[in-house]
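Each remark here refers to the structure printed beneath this line.
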Amino acid sequence: MYYRITNLFLVCLIFLSLAQAQAQKASHDTINVDVAFDTARKMAFSGRRAEAEALAKRILRKSPNYSDVRTFLGRIYTWNHQYDSAHAEFSQVLDAKPADEDTRCALVDMEYWSGNSRQAVKEANIGLTYHPNSRDLLYKKAKAVADTGNYKAAYAIIDTLLAHYDKDAQAIDYQLSLKRKLAINDIGLVYYLDVFNTEYANPQSLVSLSYSQHTSIGTVVGRITYANRFGNANGSQYEMDAYPNISKRFYAYLNVGYSSYTSLFPNYKFGASLYSSLPKSFEADIGFRYLYFSSPATLIYTAAIGKYYKNFWFSLRTYLVPGTYGSISESYLLTTRYYLGSADDYFSLVIGTGVSPDDRSMEDLLSNPSLKSNEAKLGFQKIFASQWIISAGAGIVRSDFTRGSSDLTGNDYSFFLGLDFLF
């Protein structure tokens, strides 16, 4: 009898313990879904996306109608470029709650980041029927419209946004960038100064005046460059550049120039390059430059590979000049830019060896086959008042050259200052 009572007591105790544990677990799952959601967000924003995704799925198993968590899960899928999965999560929320502004914004972002800007505009329009003055939907719609190339319409959308949120700094900055894109004319003036410590007693000065127009088929630029070189030579060069669009991925660069002052500039010059946008923010180009000072002319081949990474742009370019008896003269330039929020605002650094035929202040040196040089240059460009761009820079070029029977080394200290007016 004693053993039966003891066994019954143990069974009851075990049953009560299991029931209490189950109740505590159920209570924990119900009470802490909000805490778990907050934890998942912190995980995602700290870079632990896989853990955040797993936790969001656990929450949804307990609370499948928790729409904020489902939208959050869709955003994680978007960040991971799993666009079909993201669309499924957003659609499930919007089917039940079509006026959900946050989920509609997330869907617009997903379409925009996946390259479907026209669909992003459609989704933004649906959201604006429920929330006509939504700051986020108006801003996202403007960006998507601009991505389709309709900058004028995007500008008008930002105007509508600013009518309700006149102190929105992000919208004001974005409208300024759109105003820059709407400008189809550009007048530019650049002054170059080169001071030599060995090779020449006097400095050289160049002033370049350009006018460019942006058209539907590309940009066309006309340019006049005047040089006063070494205190004893003056002359001008006349050039035209064109950047025709070939397709969404390809565009070209064409250049032609003339000068009668062959001691300062090439008598004739031609150039062409083909540019291509590549996956994963890479770009590349290949082309040639033809400079005629005197017979024989100088033919230069060029190629470059570039990469955008966050706010940086890196480009490595080479110039190859075929010589006599199969020899090849090589030049290399590494260019780095750090963008400050727009394509017109950046710091730049150029490090290279050899002479670049695209540097107008130095192209006459290509007629001197004995010249060897290394360079380092810093630059800065900034847009202000939405219609003006100022640029400035300085650098040093260290050259080894031959004068008569002597081998010499000299430094060229270079400076430039530029101003552009957009309209």
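The values are calculated or read from the model by the stated rules, or taken from the named source; none is laboratory data. In this text the structure is predicted, and so the values were computed from the model without any measurement. Note that each Cβ is placed from the backbone with ideal geometry, even for glycine, and that neighbours are counted across all protein chains shown. Please note that ligands, DNA and RNA were not included when accessible areas were found on the heavy atoms of the full protein model with its side chains. Shrake-Rupley method; radii C 1.70, N 1.55, O 1.52, S 1.80 Å.
Here is how the numbers come out for the structure above:
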read-out	value
Length released on extending from LEU182 to THR318, taking residue separation times 0.36 nm less the Cα-Cα span	45.6 nm
Stretchable slack from TYR258 to THR39, in nm (0.36 nm times residue separation minus alpha-carbon distance)	72.1 nm
Probe 1.4 Å, accessible area per residue of the chain, Å²	56
Read-out P(r) over Cα pairs in 20 Å bins from 0, in percent, derived from the coordinates shown; its label in [x] 19, 40, 24, 11, 4, 1, 0; [y] 26, 55, 18, 1; [z] 25, 60, 14, 1	[x]
Listed pairs LYS307/LYS377; LYS181/LYS248; LYS122/LYS181; LYS122/LYS179; LYS62/LYS310; LYS42/LYS181 exceeding 29 Å between Cα atoms	LYS62/LYS310; LYS42/LYS181
Cα-based shape type of the range 166-237, given that a ≥ b ≥ c are square roots of the gyration tensor eigenvalues and the cut on a/c is 1.5	oblate
Normalised contact order of the chain, rounded percent, pairs of Cα under 8 Å and 6 or more residues apart	8
Cβ-Cβ FRET estimate between ASN267 and ARG135, R0 fixed at 60 Å, reported to 0.05	0.55
Full-stretch length increase - ASP400, TYR238 - with 0.36 nm per residue and alpha-carbon distance subtracted	55.3 nm
PHE250-LEU209 FRET efficiency (beta carbon distance; Förster radius 35 Å; 0.05 resolution)	0.70
Rel. contact order, % - alpha carbon contacts under 8 angstrom, at least six apart, the range 183-315	13
Percentage relative contact order, the range 219-270, counting C-alpha pairs under 8 Å, at least six apart	30
Residue (of GLN119, VAL321, ALA284) at the positive-pole extreme of the chain, dipole from beta-carbon charges	GLN119
Dipole of the chain [Lys/Arg +1, Asp/Glu -1 at C-beta], most positive-end residue of ILE246, ASN185, HIS164	HIS164
Computed E for ASP173/ALA392 - FRET, C-beta separation, R0 22 angstrom, nearest 0.05	0.50
Packing-based ranking, highest mean first, of 71-81, 183-193 given that Cβ atoms within 10 Å are counted	71-81, 183-193
